[in-house]
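For reference, the structure discussed in these notes is given below.
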Amino acid sequence: MKTSRYSILPLLILTLMSCTSEKKESKSLEVEIYETSESGNKLTRITAFSTVDSSAVIKLLPEQKFQTITGFGGSFTESSAYLLNKLSKKNRDTILQAYFGEDGARYSLTRTHIASCDFSLSNYTYAPVADDVELESFNIEEDRDDLIPMIKDAQAISKDGFHIIASPWTSPPWMKDNNAYVGGKLLPKYYDAFALYFSKYVDAYKAEGIDIWGLTPVNEPHGNGNNWESMHFSPEEETDFVQNHLGPKLEADGFGEVNILGYDQNRKGIKEWVDEMYKDEASSKYFDGLAIHWYESTYDYFPEELQYAHEKAPEKYLIETEGCIDSEIPAWQDDAWYWKKEATDWGYDWREDDKKYLHPKYAPVNRYARDIIGCLNNWVDGWVDWNMVLDRQGGPNWFENWCVAPVIVDPDADAVYFTPLYYTMAHFSKYIRPGAEVIGVDNADKDLMVTAAKNPDGTIAVVIFNEGKDSKDFRLTLGEETVSVNINQQAIQTIIIPTKN
């Protein structure tokens, strides 16, 4: 049958529509890419883009909005502050600028300890006189040589400022049933005195020009195996303390704006804690959120538990307040160590036999990148590292509980080593700013971990982690715009999409 010339018109229209569609899809997406990798990149700007037309697509969905970011950062400890004071002024300033300066990691959320912790030089309390329930002996003199100067110097450097969460590892020993720094419980008759202790602390630091943004009632209420400063609380006991003592006391003393974050330990225990904290309006009134740590597992970020905490109280904070590579002496000037699984933590050697599977040997950088992305994809709005600075031993630590920090120093040689962990933290803290909203991502490559957030200035930050041993090509798309990208093996990338004019 003879074909009319008009019968091919629909086909031509379809072809033109297809070409137009392809043109729209191929519109170039403007990006800046920064990478840290096992091969040697350290937050390095990547300018050579992939030429591979990859079928793996990572699609950004800014219309899907999740939690608002509170911040990222690390912790002010006496150990870190003491080490900074042993360095030359030049190196001290270099480290503080690297953490808080505009050209550095721009830390926005931090933590510190109330009186002594394991990363102190000795045991001390702000209220040393037994049965001084009015706390007339209260003083923060121990913090004046090291800790307070470090915080104030950081404040002077930080353009946008940063929040501070403060946590006691224990009450003054005389308030406890064992009259000791380690272990024991707070005696109910001293609940009001301990609440006053917090109020006096916030007031004393305010007088130094340091505002405390948040408090936790105690660090690790399940204890730490009775090794260093600790004090046990059950969910019921802590909720009672906050509901009937700490919350009302802070409110009465004019510190009602200070955020109280409950729990402050590992994620596996989240359910029993939030069930009690958020049981009813009265119990949840003074809790502004939940604080969590990562030590229950080396690789599992416990998404189900994080989801449960969010669903229980979606309007409240969910902040990771401590994580580090613990019980490990850091490698000095050896970047490769931080990418190797042989660099492991305590759980591989010391965890119970039936729990060892949670602690396979695992590279430190991988642990940080995996955990932070996993947290951001499960409603966590803040992530705080532990010590900012430690020495070559992984201390000082009065209990000799050695750990790893992003910056390692040798005070005797006045030498500073920025480990790959510093750059890993900066991939988040520098580019995902307070007030950013986590947005949806449709990720077609199961071997890549991805998270994304839209900043208050309109820029979008996408963080991608390739834990594999091979480089990967993918296409990043936003609406009708796309860009082809290659990420190195064992690498983390932050991709910045600028604000549209």
Does F428 satisfy the criteria of being closer than 29 Å to L390 by Cβ, modelled with pLDDT of 95 or more, open to solvent by 30 Å² or more (accessible area, probe 1.4 Å) and touching a strand residue (DSSP E or B) at 6+ places or on another chain (Cβ under 9 Å)?
-> no
Residues of segment 295-340 satisfying the condition of being in contact with a Pro (Cβ under 7 Å, 6 or more places away or on another chain) and either open to solvent by 30 Å² or more (accessible area, probe 1.4 Å) or among the charged types (D, E, K, R) (or both) | Y299, D335
When segment 385-405 is examined, which residues are found to be under 16 Å from the mean Cα position of the chain (by Cα) and either open to solvent by 10 Å² or more (accessible area, probe 1.4 Å) or closer than 20 Å to P434 by Cβ (or both)?
-> D385, M388
Selection within segment 431-453 - open to solvent by 40 Å² or more (accessible area, probe 1.4 Å) and among the aliphatic types (A, V, I, L, M) | V441, A444
Run down L29, L96 and say which single residue is aliphatic (A, V, I, L, M) and out of contact with any strand residue (DSSP E or B) (no Cβ under 6 Å at 6 or more places or on another chain).
-> L96
Unique residue being at pLDDT below 95, of a type in the set (F, W, Y) and either at positive phi or surrounded by fewer than 23 Cβ atoms within 10 Å (Cβ to Cβ) (or both) when the list is F49, F138, F66 = F49
Can you tell which of A195, A180 is surrounded by fewer than 20 Cβ atoms within 10 Å (Cβ to Cβ) and out of contact with any Asp or Glu (no Cβ under 9 Å at 6 or more places or on another chain)?
-> A180
Within segment 468-479, can one find any residue that is under 24 Å from the mean Cα position of the chain (by Cα) and on the phi < 0 side of the Ramachandran plot?
-> yes
With respect to D412, is the statement that it is free of Cβ contacts under 8 Å to residues at least 12 places away in the same chain and open to solvent by 10 Å² or more (accessible area, probe 1.4 Å) true?
-> yes
Answer from G223, G209 - the residue that is part of a loop (DSSP other than H, G, I, E, B), at pLDDT below 95, open to solvent by less than 60 Å² (accessible area, probe 1.4 Å) and on the phi > 0 side of the Ramachandran plot | G223
Taking the stated definitions as given, is I148 closer than 29 Å to P221 by Cβ and touching a residue at least 24 places away in the same chain (Cβ under 8 Å)?
-> yes
What number of residues in segment 273-294 are open to solvent by 10 Å² or more (accessible area, probe 1.4 Å), within 21 Å of L215 (Cβ to Cβ), of a type outside the set (K, R) and not in a helix (DSSP H, G or I)?
-> 3
Residue selected from segment 255-285 under the condition in contact (Cβ under 8 Å) with a residue 40 or more places away in the chain and hydroxyl-bearing (S, T, Y), by the criterion farthest from W379 (Cα to Cα) = S283
Segment 425-443: number of residues that are assigned to a strand (DSSP E or B) and in contact with a Phe, Trp or Tyr (Cβ under 8 Å, 6 or more places away or on another chain) = 4
Residues within segment 372-408 that are in contact with a Cys (Cβ under 7 Å, 6 or more places away or on another chain) and not small (G, A, S), tallied = 7
Out of the residues in segment 346-384 that are in contact with a Ser or Thr (Cβ under 7 Å, 6 or more places away or on another chain) and not in a helix (DSSP H, G or I), which is surrounded by the most Cβ atoms within 10 Å (Cβ to Cβ)?
-> G382
List every residue pair whose Cβ atoms sit under 6 Å apart, with the two residues 6 or more apart in sequence or on different chains, where the first one lies in segment 81-101 and is under 20 Å from R144 (Cα atoms) and the second, anywhere, is hydrophobic (A, V, I, L, M, F, W, C) and part of a helix (DSSP H, G or I).
-> A81/L147; A81/M150; L84/M150; R92/L84; L96/A154; L96/I157
Scan segment 454-485 for residues that are open to solvent by 50 Å² or more (accessible area, probe 1.4 Å) and not in a loop (DSSP other than H, G, I, E, B) and jot them down.
-> K454, R475
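Conditions (1) farther than 23 Å from Y197 by Cβ; (2) at pLDDT 95 or above, marked per residue:
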{"position": "F255", "(1), (2)": "no, yes"}
{"position": "V258", "(1), (2)": "no, yes"}
{"position": "L261", "(1), (2)": "no, yes"}
{"position": "D264", "(1), (2)": "no, yes"}
{"position": "G269", "(1), (2)": "yes, no"}
{"position": "M277", "(1), (2)": "no, yes"}
{"position": "A282", "(1), (2)": "yes, yes"}
{"position": "L290", "(1), (2)": "no, yes"}
For segment 123-138, which residues satisfy the criterion of being closer than 26 Å to N85 by Cβ and more than 30 Å from the chain's Cα centre (by Cα)?
-> A127, P128, F138
Among the residues of segment 183-192 satisfying the criterion of being open to solvent by 10 Å² or more (accessible area, probe 1.4 Å) and assigned to a loop (DSSP other than H, G, I, E, B), which is nearest to A291 (Cα to Cα)?
-> G184
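The values are calculated or read from the model by the stated rules, or taken from the named source; none is laboratory data. Remember, it's a predicted structure, so these values are computed and weren't measured experimentally. No Cβ is skipped: glycine too gets one built from the backbone with ideal geometry, and neighbour counts run over all protein chains shown. Remember, those area values only see protein heavy atoms, side chains included, never the ligands or the DNA or RNA. Shrake-Rupley method; radii C 1.70, N 1.55, O 1.52, S 1.80 Å.
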